[in-house]
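The values are calculated or read from the model by the stated rules, or taken from the named source; none is laboratory data. If you're wondering where the values come from, they're calculated on a predicted model, not measured in any experiment. So basically every Cβ, Gly included, is an ideal-geometry build from the backbone, and we count neighbours across all protein chains shown. Remember, those area values only see protein heavy atoms, side chains included, never the ligands or the DNA or RNA. Shrake-Rupley method; radii C 1.70, N 1.55, O 1.52, S 1.80 Å.
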Amino acid sequence: MTSRVTSLIPERASSLWKMRGFLTNSCSPKKFRSRHKKLVFAPTKMPDCVVIFDTERKSSVFLEAERLGIPIVALVDSSMPWEYYKKVTYPIPANDSVQFVYLICNMITKCLMLEKKKDGAKGPGKKATIKDRVESTSESEGSASDEVLVVPYENLAPMSCDVAESKQLLDKLVVVKYNGALGKNMGFGGPKSLIEVKNGSTPLDLIVNQIQSLNSKYGCNIPLLLMNPKNTHNDIVKALEKYSTLDVDIHPFEQGEHTQHESFVSEGCEDKWQSSKHGAHFLSLMNSGTLDVLLAQGKEYALVVNPDNVAGVVDPKILNHLAQNSIEYCSEVTPTTSNGLINFMASSLQGMFKLEDFTSDHSEKSVKGFKYIDTRSLWLNLKAIKRLVDTSALNLDNLSTLKLFENSIGISIPQSRFLPLNCTSDLFLLQSDLYSFTEGMFVRNDARVSPSDPSIALGPEFEKISDFKRRFETIPSIVKLDSLEVNGDVWFGADIVLNVSILLPLDQYLASLLGYLFLHGKVVIDASPGLTLRIPGGVVLEDEEINDPTDI
């Protein structure tokens, strides 16, 4: 194999990559002497892929490749432990007979030779330029090569316990947040960043408090860049006055009227935020000279937060993964719930997915047929941005942009990192007992078994925040709820529980894996025109359909 693809040079055989712990132990070459010869383990280039035939004896290889984000091809069978199977990017169900191993090796050899032939057509010694990569991107659109590696959040290595090491890493980060999303559709006259979402705190409070917590804990300095259109800038600046005593370096930027009109406002709806454009505004900020200033300060990474995502905050675990694996572009994605069990199982596996498997529209009707939702929270390497910022092809509007970067991935995040705020139904979820927050981060209630949040649909009577607050004395308990639909003139008392009535008798392991197969509670409250329904305090509604007071 290696001879045919000319990847093995006999005189350099001792410099090949070795997997047995030397990938992650150090970035410098290692030399060892035996009785007969000297072996050199030189990390000249990270492997693009690892092929494992004997999965029973290569557990260390799994751990090494997973930590470095290297895709794994492996022969698997039904006796393979789940904790190793879920690390395989391309599982091949087969036994490791010599005939099948020969077949796989032959196919790999042919693929490599075909790719080398394509590269040779460009001329010997030529390296693909940015222009070549852009042209290749447009030519290959819709082909099998339009794929992205998705790594489950659970597979990421934990942060180091060394405070000094963590400080050094966090000092390389800058957070960029947008405040152009308005709350007029919810009857709020300012930016969504100033809407009270939990215990008197706003989305802006949450991200500032979280950065303050990290700065205090590790002694680092994470600056926060706020990009505000002209119609929200004054409100944001006024809100920042209460943070003057906090240890957070905040820089508000006011964008011009021209930029605001073209990118912050959708045609025909003056308060709707076009979240797909926030990447373009990040680039405009970088082009203004800010990028050079950040690089001079030692900043290497940027978290670009989706303005509609209340839970978009810094996660040191993700930053650590990017730094360890030299990743230039990372998009946070979350599995859709349209395919139920299939998508839940897929979310726990590391694998390659086509770009058409992703959607940025997270509405229930729009996610059908897709496997992942692109949350539009981006982690970017600033040095890579510096390299590409002058190319018109770089707009960061969608996942296809990642093909311009040398190393890009998606991370399948938990639901608690993607909590949109677009209507009062979303506000209902945030203010319920399903979520609490600590140090600026939302934490999901451990009592919730299902991996997905309940579906909440409140009628037009609850559309405005003022009406929403008046109609609920307290937000009902929904930890065990599947869905709630409310229509008409309905009023809720205090301490109401919306619950599940029946659970399937699954054992503890299956409950953790397939918990959402429980028969969940579904509550529908539909008041007829002219009828007022008042749900008394303290009641428990289980799988109920309520149309008049006698149904309560």
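Spacing of the modelled spin labels on E147 and D446, each 7 Å from Cα toward Cβ, amounts to 3.8 nm. Of the listed residues Y153, Y178, Y102, Y85, the order by accessible area with a 1.4 Å probe, largest first, is Y102, Y85, Y153, Y178. Between the C-alpha center of region 158-226 and that of region 46-100 there is a gap of 39 Å. Amide hydrogen proximity for S377: with H placed 1.01 Å from N in the peptide plane, the residues at 5 or more positions away or on another chain lying under 5 Å are N306, E332. Percent of Cα pairs in region 189-232 per distance bin of 10 Å, from zero to the largest separation: 25, 42, 28, 4.
Between V51 and V73, the built amide H atoms are under 5 Å apart, and every one of these is 5 or more places off in sequence or on another chain.
Using heavy atoms of the protein chains and a probe of 1.4 Å, the accessible area assigned to W82 is about 80 Å². Going 7 Å from the Cα of R470 along its beta-carbon direction, which residues of region 527-542 have the amide nitrogen within less than 19 Å of the resulting point? From region 527-542, the list is 527-536.
Measuring against 24 Å, Cα to Cα, the residue pairs K317/K383; K87/K368; K230/K469; K192/K230; K172/K198 contain K87/K368; K230/K469; K172/K198 as the ones spanning a longer distance. The H on the amide N of S455, modeled in the peptide plane, is under 5 Å from the matching H of S483, L484, each at least 5 residues off or on a different chain. Across region 286-301, computed HN-Hα scalar couplings (Karplus, 6.51 cos²θ - 1.76 cosθ + 1.60, θ = phi - 60°) run 5, 5, 7, x, 4, 4, 5, 5, 5, 5, 5, 7, x, 7, 10, 10 Hz from first to last residue, x flagging Gly and Pro.
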